[in-house]
Amino acid sequence: MFFRQQVLAVPPQALTTDMLLVFAVIAAVIFLFVTEWLRVDMVAILTMISLPMLGLVDGRTAFAGFSSTAVISIIAVIILGRGLDHTGVIGQVMRPLVLLAGNSRWRIVALLSLTIGFLASVMHAIGAAVLFLPTLRRISRQTGLPLPQLLMPMGAAAILGGTLSLVGSSPLIMLNDLLAPFNLAPFNLFSVTPVGLALVAVGICYFVLLGGWLLPRDKSDDARSAHRSVDTLKYYSRLGVLFELTLPADARRAPKVDEICDAYLVHVVALKTQDERVKVLPPDRDATVSPGSVVAVYGIAEQVAQAAQAYGFTVSRELHTFARELSSALSGVAEAVVPPRSKFIGRSLQEIRFRHNYLVAPLALYRQEHVYYTHLGQRRLQVGDAILMHGAWEQFQRFRQTRDLIFTHSLDHEVLHPQKAGAAVACFALSTALVIFTSLSLPVCLMAGAFGMVLSGVLSLDEAYRGVDWRTVFLLAGLIPLGLAAQQTGAAAWLAGKLMAWLDQPPAFLLLLLIAALSSAFTLVVSNVGATVLLVPLVVNLAQDAGLDPRLAALVVGLAASNSFMLPTHQVNALYMGAGGYRSLDFIKAGTPLSVLVLLVLVSVVYLVY
């Protein structure tokens with residue numbers, strides 16, 4: 001009934017004071033977005049406050065965005081995505097693609113964009129974007145590529161991927177309902193696929209070829225924080241990198257862990273013996289490396305080669321036995337300082353038994369401008385000593401709670417719990433099944449899965465709350481009432497009617513291009529759903545008068561509603577803006593050329609194919 005009422009609405013003829021006020025608020029919002037005098041979420045809050053003060057909406061409507069389908073769905077999807085990443089599910093799925101892409105920016109952008117684009121065709125763009133965000137952060141840490149170079153291309157691929165099928169985006173989902181009152185034939189599920197494939201290809205090629213120049217090269221706050229542990233290693237030049245050593249079964253010598261370290265400056269951080277399936281991370285210093293065992297060590301290549309020659313190890317620069325346990329997602333290197341009143345003061349590392357009691361391996365000790373790498377167990381700790389350690393992020397998090405060591409950088413690596421992977425997948429499958437097989441609304445289906453994540457112990461309630469990007473929530477919730485004000489006052493309908501009257505009867509291609517441009521412009525302010533509901537009945541009548549197939553005009557509106565790249569008003573752009581440290585000008589710089597390309601390709605394919 002809602003759609004039918006919107007379809008039959010008649011645009012007002014006279015320009016009213018309320019319409020002028022709405023246009024003024026829209027202009028002010030865009031101006032503040034561009035100048036960045038206020039943060040975008042602050043602009044959204046200001047908008048919520050201003051609209052009822054100007055009498056354009058009532059107080060309840062001003063804050064209706066917080067209960068909107070879009071905002072609740074985003075919160076639920078973020079929690080679902082966090083649960084899947086928290087258990088390592090997404091990492092396992094993405095690992096083959098990451099290995100195939102290597103460290104190449106263009107391969108990473110191309111392969112992951114294809115994946116996220118096709119995923120967005122069956123689930124909304126925001127869902128695909130949320131699921132990929134943790135993986136993209138991890139790829140940025142591993143490859144050294146700035147996160148802003150990755151997020152915007154992925155966001156564009158997610159948005160454009162929604163045009164691959166009729167269920168990929170909200171405007172396309174409601175398109176057939178909007179055509180029904182005009183007795184026009186409905187579109188089938190894959191009617192839009194040719195156009196969607198062309199748009200996804202254009203988006204990927206655009207960022208592969210031009211992304212390196214158009215996107216910011218500075219690391220986001222998130223990426224800078226993630227690199228601190230890597231930067232710490234430059235102060236320990238003799239530490240080296242990870243190697244995997246295998247001692248042949250017929251080896252004559254069986255060295256101890258401390259012997260390898262003190263004699264050759266090679267630190268053993270993991271051990272798997274031939275007769276045991278258990279992997280020890282890290283082994284005690286007095287543990288014996290028996291024949292047939294595999295160890296992971298930190299060391300300089302020359303030192304590792306000397307140790308291998310002395311004991312008969314075979315050397316691998318790639319991790320195989322410990323590839324998962326020593327991946328950057330699960331473990332790494334951290335530096336911590338001995339503070340005053342620590343119970344470690346005056347005690348040696350051997351007495352403390354770091355490896356046995358805390359499950360971390362000391363690699364070096366920094367004291368008064370000197371770095372010590374060997375005989376660490378015999379040195380008694382003093383206030384101000386810095387200890388470099390290797391261990392699982394989970395162990396570092398537990399260690400930090402003791403306050404006996406103060407870490408010199410943020411331990412922002414999320415602790416993964418693979419044992420909960422089954423529960424996480426089940427919760428995600430529950431949400432998906434509810435969306436597909438029931439008539440429940442989208443936020444109810446998604447929130448059921450999010451609730452399951454907490455109930456099953458995949459996430460604690462506090463972890464779920466911390467995972468929500470409240471900047472994105474306030475940005476979207478604040479802009480939704482602006483779109484409602486534009487519709488309720490008749491401002492949007494008045495503007496659309498005037499523009500349609502001004503068009504008169506242009507050629508078919510130009511008419512479709514102008515319709516697409518109008519839909520794109522309205523999407524930036526009114527939202528993609530609002531733009532579609534408003535414009536479809538107008539363009540159907542206009543196309544009939546111009547002798548053009550009205551279904552094509554409506555299709556162009558629905559597809560162009562996904563052409564939202566110039567401002568961070570789309571849910572995906574709002575989500576990635578905070579994570580990537582983007583400014584509004586970054587979206588204008590990179591999004592404007594892309595929007596023009598999308599318009600031209602969209603209209604050209606529709607005109608030629610249909």
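The values are calculated or read from the model by the stated rules, or taken from the named source; none is laboratory data. None of the values given here were measured: they were computed from a predicted structure. So basically every Cβ, Gly included, is an ideal-geometry build from the backbone, and we count neighbours across all protein chains shown. Accessible surface is based on the protein model in full, side chains and every heavy atom, while ligands, DNA and RNA are left aside. Shrake-Rupley method; radii C 1.70, N 1.55, O 1.52, S 1.80 Å.
Take the residues of segment 468-483 that are out of contact with any Asp or Glu (no Cβ under 6 Å at 6 or more places or on another chain) and modelled with pLDDT of 80 or more: which is most open to solvent (accessible area, probe 1.4 Å)? Before the answer, list the steps.
In the first step, residues of segment 468-483 are kept if they are out of contact with any Asp or Glu (no Cβ under 6 Å at 6 or more places or on another chain); the result is 468-470, 472-473, 476-483.
Remaining after also requiring modelled with pLDDT of 80 or more: 468, 470, 473, 477-478, 481-482.
On the way: VAL468: 10, TRP470: 115, VAL473: 5, ALA477: 0, GLY478: 0, PRO481: 0, LEU482: 6 Å².
Ranking the qualifying residues of segment 468-483, first place goes to TRP470.
Residue pairs, Cβ under 7 Å, 6 or more apart or interchain, first in segment 86-102 and in contact (Cβ under 8 Å) with a residue 60 or more places away in the chain, second open to solvent by 40 Å² or more (accessible area, probe 1.4 Å) and of a type in the set (A, V, I, L, M). List them.
Between residues of segment 86-102 that are in contact (Cβ under 8 Å) with a residue 60 or more places away in the chain and residues that are open to solvent by 40 Å² or more (accessible area, probe 1.4 Å) and of a type in the set (A, V, I, L, M), the close pairs are VAL89/VAL425.
Given the condition at pLDDT 85 or above and not acidic (Asp, Glu), answer yes or no: does some residue in segment 541-550 qualify? Talk me through it step by step, then tell me what you get.
Taking segment 541-550 first, the residues at pLDDT 85 or above are 548-550.
Next, only the ones that are not acidic (Asp, Glu) stay: 548, 550.
Yes, segment 541-550 contains a residue that is at pLDDT 85 or above and not acidic (Asp, Glu).
In segment 37-87, which residue that is in a helix (DSSP H, G or I) and among the basic types (Lys, Arg) is most open to solvent (accessible area, probe 1.4 Å)?
Of everything passing the filter in segment 37-87, ARG60 is most open to solvent (accessible area, probe 1.4 Å).
Kindly indicate the residue of segment 238-278 that is touching a Lys or Arg at 6+ places or on another chain (Cβ under 6 Å) and over 17 Å from SER327 (Cα atoms) and also surrounded by the most Cβ atoms within 10 Å (Cβ to Cβ) among those meeting that condition.
VAL257
If a residue has to be assigned to a helix (DSSP H, G or I) and more than 26 Å from VAL539 (Cβ to Cβ) to count, how many in segment 457-480 make the cut?
First, the residues of segment 457-480 that are assigned to a helix (DSSP H, G or I): 461-467, 470-480.
Still in the list and also more than 26 Å from VAL539 (Cβ to Cβ): 461-467, 470-478.
Qualifying residue count for the region: 16.
For segment 415-440, name all the residues that are open to solvent by 60 Å² or more (accessible area, probe 1.4 Å), of a type in the set (S, T, N, Q) and farther than 26 Å from GLY332 by Cβ.
SER439
So is LEU513 crowded, with 20+ Cβ neighbours inside 10 Å and assigned to a helix (DSSP H, G or I) or not? If you could, list the steps in order and put the result at the bottom.
On the way: crowded, with 20+ Cβ neighbours inside 10 Å: yes; assigned to a helix (DSSP H, G or I): yes.
It is true that LEU513 is crowded, with 20+ Cβ neighbours inside 10 Å and assigned to a helix (DSSP H, G or I).
Do we find that PRO283 is within 18 Å of GLN350 (Cα to Cα) and open to solvent by less than 50 Å² (accessible area, probe 1.4 Å) in this structure? If you could, list the steps in order and put the result at the bottom.
Numbers: within 18 Å of GLN350 (Cα to Cα): yes; open to solvent by less than 50 Å² (accessible area, probe 1.4 Å): yes.
For PRO283, the condition - within 18 Å of GLN350 (Cα to Cα) and open to solvent by less than 50 Å² (accessible area, probe 1.4 Å) - is met.
If you take the residues of segment 339-389 that are without any contact (Cβ under 8 Å) to a residue 40 or more places away in the chain and β-branched (Val, Ile, Thr), which of them is surrounded by the most Cβ atoms within 10 Å (Cβ to Cβ)?
By that ranking, first place goes to ILE352.
Out of contact with any Cys (no Cβ under 6 Å at 6 or more places or on another chain), assigned to a helix (DSSP H, G or I) and within 16 Å of VAL533 (Cα to Cα): is that true of TRP502 in this structure? Give the steps one after another, and end with the answer.
Details: out of contact with any Cys (no Cβ under 6 Å at 6 or more places or on another chain): yes; assigned to a helix (DSSP H, G or I): yes; within 16 Å of VAL533 (Cα to Cα): no.
So TRP502 does not fit the description; no.
Name, by its number, the condition in (1) in contact with a Gly (Cβ under 9 Å, 6 or more places away or on another chain); (2) at pLDDT 90 or above that does not hold for ALA554.
It is condition (1) that ALA554 fails.
Do we have any residue at all in segment 300-319 that's open to solvent by 10 Å² or more (accessible area, probe 1.4 Å), at pLDDT below 90 and not basic (Lys, Arg)?
yes
Which pairs do you get when a residue that is touching a residue at least 12 places away in the same chain (Cβ under 8 Å) and under 15 Å from PRO550 (Cα atoms), found in segment 178-193, comes within reach of a residue that is among the hydroxyl-bearing types (Ser, Thr, Tyr) and open to solvent by less than 30 Å² (accessible area, probe 1.4 Å), reach meaning Cβ atoms under 8 angstrom, with the pair 6+ apart or on two chains?
LEU178/THR532
Exactly one of (1) farther than 18 Å from SER527 by Cα; (2) open to solvent by less than 70 Å² (accessible area, probe 1.4 Å); (3) more than 25 Å from the chain's Cα centre (by Cα); (4) at pLDDT 85 or above is unmet by ALA27. Its number?
(1)
Scan (1) farther than 17 Å from LYS498 by Cβ; (2) out of contact with any His (no Cβ under 8 Å at 6 or more places or on another chain) for the single condition ASN528 breaks and write down its number.
Failed condition: (2).
If you check VAL454 against the conditions, is it part of a helix (DSSP H, G or I), open to solvent by 60 Å² or more (accessible area, probe 1.4 Å), over 24 Å from ARG60 (Cα atoms) and among the β-branched types (Val, Ile, Thr)? So that I can check it myself, show each step before the final result.
On the way: part of a helix (DSSP H, G or I): yes; open to solvent by 60 Å² or more (accessible area, probe 1.4 Å): no; over 24 Å from ARG60 (Cα atoms): yes; among the β-branched types (Val, Ile, Thr): yes.
So VAL454 fails the test.
Considering only segment 336-380, state which residues are in contact with a helix residue (DSSP H, G or I) (Cβ under 7 Å, 6 or more places away or on another chain), among the aliphatic types (A, V, I, L, M) and either assigned to a helix (DSSP H, G or I) or on the phi < 0 side of the Ramachandran plot (or both).
Residues satisfying the conditions are LEU349, VAL360, ALA361, LEU365, LEU376.
Can you name the residue in segment 481-496 that is among the polar types (S, T, N, Q) and part of a helix (DSSP H, G or I) and is also farthest from the chain's Cα centre (by Cα) among such residues? Break it down into steps so the answer makes sense when it comes.
Initially, segment 481-496 is screened for residues among the polar types (S, T, N, Q), giving 487-489.
Those left that are additionally part of a helix (DSSP H, G or I): 487-488.
Details: GLN487: 32, GLN488: 35 Å.
The residue in question is GLN488.
Going through segment 457-467 one residue at a time, which ones are surrounded by fewer than 21 Cβ atoms within 10 Å (Cβ to Cβ) and either more than 19 Å from the chain's Cα centre (by Cα) or among the β-branched types (Val, Ile, Thr) (or both)?
GLY457, SER460, LEU461, ASP462
Of the residues that sit in segment 402-420 and are farther than 30 Å from GLY346 by Cβ and assigned to a loop (DSSP other than H, G, I, E, B), which one is modelled with the highest pLDDT? Working first, answer last.
Here is the first cut: in segment 402-420, the residues farther than 30 Å from GLY346 by Cβ are 412-420.
So of that shortlist, the ones also assigned to a loop (DSSP other than H, G, I, E, B) come out as 412-417.
On the way: ASP412: 61, HIS413: 62, GLU414: 60, VAL415: 65, LEU416: 70, HIS417: 77.
My answer is HIS417.
If I ask for residues that are more than 22 Å from ASP286 (Cβ to Cβ) and assigned to a loop (DSSP other than H, G, I, E, B), which ones from segment 240-267 would you list?
GLY240, PRO248, ALA249, ASP250
For the structure I just gave you, tell me whether ALA185 is under 19 Å from the mean Cα position of the chain (by Cα) and hydrophobic (A, V, I, L, M, F, W, C). Walk me through it before giving the result.
Details: under 19 Å from the mean Cα position of the chain (by Cα): no; hydrophobic (A, V, I, L, M, F, W, C): yes.
Here the answer is no, as ALA185 does not meet what is asked.
Using beta carbons and a limit of 7 Å, which pairs, at least six apart or on different chains, have the first residue in segment 394-407 and within 18 Å of GLY88 (Cβ to Cβ) and the second one open to solvent by 20 Å² or more (accessible area, probe 1.4 Å)?
Short answer, once both residue conditions are applied: GLU394/VAL415; GLN395/TYR358; GLN395/LEU359; GLN397/VAL415.
Name the residues in segment 88-113 that are part of a helix (DSSP H, G or I) and either open to solvent by 50 Å² or more (accessible area, probe 1.4 Å) or basic (Lys, Arg) (or both), would you?
Of all residues in segment 88-113, those part of a helix (DSSP H, G or I) come to 89-101, 105-113.
Matches in segment 88-113: GLN92, VAL93, ARG95, PRO96, LEU99, LEU100, ARG105, TRP106, ARG107.
Among the residues of segment 288-333, write down those that are among the aromatic types (Phe, Trp, Tyr) and assigned to a strand (DSSP E or B).
Filtering segment 288-333 down to residues among the aromatic types (Phe, Trp, Tyr) leaves 298, 311, 313, 322.
Of everything in segment 288-333, just one residue is among the aromatic types (Phe, Trp, Tyr) and assigned to a strand (DSSP E or B), namely TYR298.
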